[in-house]
Every structure is written in structure tokens, then in C-alpha cells.
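> I have a structure here, written as C-alpha cells, and I will follow up with some questions on it.
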Amino acid sequence: MNSRLDALHPYPFTKLRALLESAGPAPAGLAPIDLSIGEPKHAAPACVAQALRDNLAGLSVYPATKGDAALRSAIAQWLAHRYNIPAPDADTQVLPVLGSREALFAFAQTVIDAAAQPLVVCPNPFYQIYEGAALLAGAQPYYVNADPARNFGSDWRSVPDDAWRRTALVFVCSPGNPAGNVMPLDDWRTLFELSDRHGFAIASDECYSEIYFDEGDPPLGALQAARRLGRDDYKNLVVFSSLSKRSNVPGLRSGFVAGDAALLARFLLYRTYHGSAMSPIVSAASVAAWSDEAHVRDNRALYRDKFAAVVPLLQPALDVQLPQASFYLWAAVPGPDTTFARDLYARTGVTVLPGSFLAREAHGVNPGQGRIRIALVAPLAQCVEAASRIAHFASTTL
């Protein structure tokens, strides 16, 4: 067996299940409401469903590892329109993937040389795939704690030079999970300068990029930041995106990787052996999704309505603010976050995720402690009901 498997931590939701089991059954007479997991619940767009039905002949075709040319072109055109940049080269700078999760993990295996005793720099809290990808590739994670003074962003300059010299890969998540913070251009400038100096790759996870509040001010993307800073070849930069949140199709398992052509060439070689080619049926449905923005605007409107209803209910009882983007609230709670989440479930039937489950103790602190992540993915009425229960519970525990 691969001994590196022993280094993996239990997944946050494994820990959550154990925590809730210790709370006993949910209270009788209250319907349970789960706001712990970021699984979209809005309806999938009709254009995707129709494309699936229209392309069943794809079941009889082996898919190409590089992906369908029409899909690569649709993604390149979407990137150009969304970020106001020249369209990336669909032949060399774009690869379809089976959701951003598998690609984030696989990409790390491509760029990490275990013999060099490398580090992988991760935000903290973080999406646990970053850590698992690093460990299974033979690297050690180096955690950069979220800084509330920086809107829960990372201070890249806090990483010492001796750590940067060993760094093979940096994971960025913008908009962030769990705080919904968007990395500003000055932070991108800093990170690009460090990459130029030390040679590490940057993996920018942008799966929440299309859930925001102001239609006239979408979140800054990594490719967009690179172009603004004159990095037209996207040197050492690869971005990861997905249809799961944007289009409410997490079961479709469809996303893309785009950026540095040299890195993507090596990644394509890896994928040729890894066997992660996208089905022609999924590819056709993905073209339909990336080519339509109406359903995405409608999706954002549904989230805006939920935040507008929920945040005022929670603010009298909890320290919580509207995020810049994403569908999460990152709320401070009285007392330990695990105790709050356990007792909240026991008394109200509402499930949230303790913030400490999303982070590691680093530099003397677990930056997720004392916070919970609330995913506003349930229907509006359920989100409002859950917020009312959370607020009442929090006000009675102070």
C-alpha cells in the first residue's frame, strides 16, 4: 500500500458526521435543514438537459483526452468575454476536465517532484483536496493563515524565503472558501513576483467566480490579473473552473483548466495515462452551459435574495458579514465552533460546518476556530427558517 495514504486527514464531513452522532437525534417536530455542504440545489438549466438528450450517440464514442475542439473553443470564448481578455489559445491553453476537484488533485501530481522535498503553499482554511494532493505527491503543505484584517486573505509576504525556495506549487482560492473573499490585484502582483523569483506554479481555484452580487463588478480572475500586469503568456499560472456552482450541475462533473501552455502540455501528458477524458455527451452539455449566461444571471439572483433575507436575521446574534462572492457565510460564534455546531443541531436540527474542520493549526493557531461555515444552498424559505433558528439559538447561548 502507498504509505502516503496514512498522512491524509479525515475529510471535514467525516468529522462532522461523528460530531453530529455525539449530539444524538435531531429534535422532534423540527424538519432538519442542512447548510453544511456547498452542494448547489437550484435547478439545472434546461439547455444542459436538452443537450444531454440530443447527444446520446456519444455513448458509442471513445472521448479524446484533450477534449472536444468545440468545447475548448467555447471555454476560450467564455474566458475572453467574462474577463475582458484575448481568448486563450483553445488548442494549447485550455483543457476540459471532469470537474475542478479531480483536476486540482491531478495537476499537483504533475508539477511536484517528491525527490526535492518540496512544499505546497495553501491558504488556511482551505479546500482539503489541496492538502491531500500535496501529501500524495510527496510534498509537505505550508499553511498561510487567513487574516481577518485582510478580509480573510493570505499575506504571501509572511512566508519566509527558505520556504519559498522549496515551494513547487501554490494553491489560491478566489473567491475564497469559506470566507468568499476575492484576491486583489496587488496580491496577485506579489504572488507573480515570488513565482518569478522561485519558479513555483500557481493553481488558482475559481469555482465560485460566478456567484457574486453586483452584475457590474464581477470578481477579478487570475488570467485577468495576469493580463493587467503584462503577463500575457500566463507564465507558471493555471486556473481551474467548473460548471458545478455556476450552472447547478455538480453531477455533470465538468470544468476546465486554462493558462500556461507549457504546464498544460505536461498536464495533458499526465492525463493521457490517468484516463480522465470527458464523455462526448458531457462535452456537448458543457458547450451549451458555457455558451449561455441567462441561467447564470438567474442563479445569482436567487443567491442574492437569500443573502438579503438571511444576513439581517443573523447579524443581531452573530458576527457575520456579506461576502464579496460565493454562497457561504463565515460567521464568528460564541464559544468553540464544534460545540456550537453540535448543540445547534441537537436543539434546532440545523447543520453547519465547524470552521476548525476546514483548517489546520499553523503558526500556533487554527484560524477556523470560533467560526462556522453556512452554505446558503437550500431553497429561500429553508434558508430563512434556518437563519431564524440559528439566531435564536445563538442569542440564548451568549
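> Looking at (1) open to solvent by less than 30 Å² (accessible area, probe 1.4 Å); (2) farther than 22 Å from V296 by Cα; (3) in contact with a strand residue (DSSP E or B) (Cβ under 6 Å, 6 or more places away or on another chain), which is the one condition that is false for G38?
(2)
> Please find, within the range 58-95, the residue that is most open to solvent (accessible area, probe 1.4 Å) out of those that are more than 20 Å from F107 (Cβ to Cβ) and among the aliphatic types (A, V, I, L, M).
Per the criteria, the residue is L59.
> So, one more: Among the residues of the range 247-267, count how many are in contact with a strand residue (DSSP E or B) (Cβ under 8 Å, 6 or more places away or on another chain) and within 24 Å of H198 (Cα to Cα).
7
> Let me ask another. Could you say which residue among N84, N145, N151, N124 is closer than 26 Å to P323 by Cβ and in contact with a Lys or Arg (Cβ under 7 Å, 6 or more places away or on another chain)?
None of the other options fit; the residue is N124.
Here's the yes/no breakdown for (1) part of a loop (DSSP other than H, G, I, E, B); (2) at pLDDT 95 or above:
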| residue | (1), (2) |
| --- | --- |
| R17 | no, yes |
| P27 | yes, no |
| G67 | yes, yes |
| A87 | yes, yes |
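> Can I ask one more? For the range 40-71, which residues satisfy the criterion of being in contact (Cβ under 8 Å) with a residue 60 or more places away in the chain and within 20 Å of V239 (Cα to Cα)?
Across the range 40-71, the qualifying residues are T65, K66, G67, D68, A70, L71.
> While we're looking at this one, here's another question. When the range 258-311 is examined, which residues are found to be modelled with pLDDT of 95 or more, farther than 14 Å from D68 by Cβ and of a type in the set (G, A, S)?
If the condition is that a residue be modelled with pLDDT of 95 or more, farther than 14 Å from D68 by Cβ and of a type in the set (G, A, S), then A258, G259, A261, A262, A265, A294, A301, A308, A309 are the ones that fit.
> Keeping to the range 155-177, report how many residues are of a type outside the set (F, W, Y) and either part of a loop (DSSP other than H, G, I, E, B) or crowded, with 24+ Cβ neighbours inside 10 Å (or both).
Selection size over the range 155-177: 11.
> Same structure, new question: Among the candidates P334, P367, P323, which residue alone is at negative phi and modelled with pLDDT under 95?
Going through P334, P367, P323 in turn, just one is at negative phi and modelled with pLDDT under 95: P334.
> Would you confirm whether any residue within the range 389-398 is without any contact (Cβ under 8 Å) to a residue 24 or more places away in the chain and either touching a Leu at 6+ places or on another chain (Cβ under 7 Å) or more than 18 Å from D34 (Cα to Cα) (or both)?
yes
> Follow-up. Which ones in the range 97-127 are open to solvent by less than 20 Å² (accessible area, probe 1.4 Å) and part of a helix (DSSP H, G or I)?
S100, A103, L104, A106, F107, A108 - these are the residues of the range 97-127 that are open to solvent by less than 20 Å² (accessible area, probe 1.4 Å) and part of a helix (DSSP H, G or I).
> List every residue pair whose Cβ atoms sit under 7 Å apart, with the two residues 6 or more apart in sequence or on different chains, where the first one lies in the range 357-386 and is without any contact (Cβ under 8 Å) to a residue 40 or more places away in the chain and the second, anywhere, is charged (D, E, K, R) and assigned to a loop (DSSP other than H, G, I, E, B).
These pairs meet every condition: N366/R360.
> Just the residues that are among the polar types (S, T, N, Q) and touching a residue at least 40 places away in the same chain (Cβ under 8 Å), please, taken from the range 159-203.
Of everything in the range 159-203, those that are among the polar types (S, T, N, Q) and touching a residue at least 40 places away in the same chain (Cβ under 8 Å) turn out to be T167, S174, N177, N181, S195.
> Mind checking whether some residue in the range 47-56 is open to solvent by 80 Å² or more (accessible area, probe 1.4 Å) and charged (D, E, K, R)?
Taking every residue of the range 47-56 in turn, at least one turns out to be open to solvent by 80 Å² or more (accessible area, probe 1.4 Å) and charged (D, E, K, R).
> Check the range 253-275 and report whether any residue there is touching an Asp or Glu at 6+ places or on another chain (Cβ under 9 Å), open to solvent by 30 Å² or more (accessible area, probe 1.4 Å), not in a helix (DSSP H, G or I) and not aliphatic (A, V, I, L, M).
Yes: the range 253-275 contains one or more residues that are touching an Asp or Glu at 6+ places or on another chain (Cβ under 9 Å), open to solvent by 30 Å² or more (accessible area, probe 1.4 Å), not in a helix (DSSP H, G or I) and not aliphatic (A, V, I, L, M).
> Cβ-Cβ below 9 Å, separation at least six or inter-chain, first residue in the range 138-158 and closer than 30 Å to N2 by Cα, second open to solvent by 70 Å² or more (accessible area, probe 1.4 Å) and of a type in the set (A, V, I, L, M, F, W, C): which pairs?
The qualifying pairs are G138/A115.
The values are calculated or read from the model by the stated rules, or taken from the named source; none is laboratory data. Owing to the predicted nature of the structure, the values given are computational and were not obtained by experimental measurement. Methodologically, a virtual Cβ is constructed for each residue, glycine included, from the backbone with ideal geometry; neighbour enumeration extends over all protein chains shown. Side chains included, ligands, DNA and RNA excluded: accessible areas come from the protein's heavy atoms. Shrake-Rupley method; radii C 1.70, N 1.55, O 1.52, S 1.80 Å.
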